[in-house]
1. Excluding GLY61 itself, calculate the net charge of residues whose Cβ lies under 13 Å from the Cβ of GLY61, where each Lys or Arg counts +1 and each Asp or Glu counts -1.
2. Amide H neighbours of VAL66 under 5 Å, counting only residues 5+ apart in sequence or on other chains, H built in-plane at 1.01 Å?
3. Enumerate the calculated ³J(HN,Hα) couplings along the stretch 33-49 in order (Karplus 6.51 cos²θ - 1.76 cosθ + 1.60, θ = phi - 60°), each rounded to whole Hz, writing x wherever the residue is Gly or Pro.
4. Pull out a ≥ b ≥ c, the square roots of the eigenvalues of the alpha-carbon gyration tensor of the stretch 25-84, then state rounded if a/c is under 1.5, prolate if not and a/b is larger than b/c, and oblate in the remaining case.
5. In a shell of Cβ-Cβ distance under 13 Å around PRO28, excluding PRO28 itself, what net charge do Lys and Arg (+1) and Asp and Glu (-1) give?
6. HN-Hα J couplings of the stretch 53-63 from phi, Karplus 6.51/-1.76/1.60, θ = phi - 60°, integer Hz, Gly and Pro as x?
7. For CYS36, CYS45, give me the order by solvent-accessible area with a 1.4 Å probe, most accessible first, ignoring ligands, DNA and RNA.
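The values are calculated or read from the model by the stated rules, or taken from the named source; none is laboratory data. Here the structure is a predicted model, which means the values were calculated and not measured. No Cβ is skipped: glycine too gets one built from the backbone with ideal geometry, and neighbour counts run over all protein chains shown. Surface areas here come from the heavy atoms of the whole protein model, side chains and all, with no ligands, DNA or RNA. Shrake-Rupley method; radii C 1.70, N 1.55, O 1.52, S 1.80 Å.
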Amino acid sequence: NIMDEKGDSKSERFALQTALAQEGVYPPQGMDKNSCPRTGKIGPCTKASINEFQKKYGIKGENNVVGKKTLEVLNNKYSVKGVI
């Protein structure tokens, strides 16, 4: 299950950017919030941040996309668990 521009809702992509910001990798190194605002779109800033997140957690082979391993780490850290 890969997160991409077509298959996921804007709110899911925005949540991804928020989680990456919590991790300290969004905006990516060398960029700032003005040049990389959280928009709910997966563009160059988000891809670079995903890459930094994957390096941080030793995730290999997903090449800047949110694949199974990346999603698993994100869900373990940021999913709401339990009954609402």
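1. Details: positive: LYS55, LYS60, LYS68, LYS69; negative: GLU62.
Net of charged neighbours comes to +3.
2. MET3
3. 3J(HN,Hα) across the stretch 33-49, in whole Hz: 5, 6, 7, 9, x, 6, 10, x, 10, 9, x, x, 5, 5, 4, 5, 5.
4. Details: a/c = 2.22, a/b = 1.34, b/c = 1.65.
Cα axes put the stretch 25-84 in the oblate bin.
5. Values: positive: LYS33, ARG38, LYS47, LYS55, LYS56; negative: GLU23, ASP32, GLU52.
Summing Lys and Arg as +1 and Asp and Glu as -1 gives +2.
6. Calculated HN-Hα couplings, in order: 4, 5, 5, 4, 9, x, 8, 10, x, 9, 6 Hz.
7. Details: CYS36 5, CYS45 25 Å².
These residues rank, largest area first, as CYS45, CYS36.
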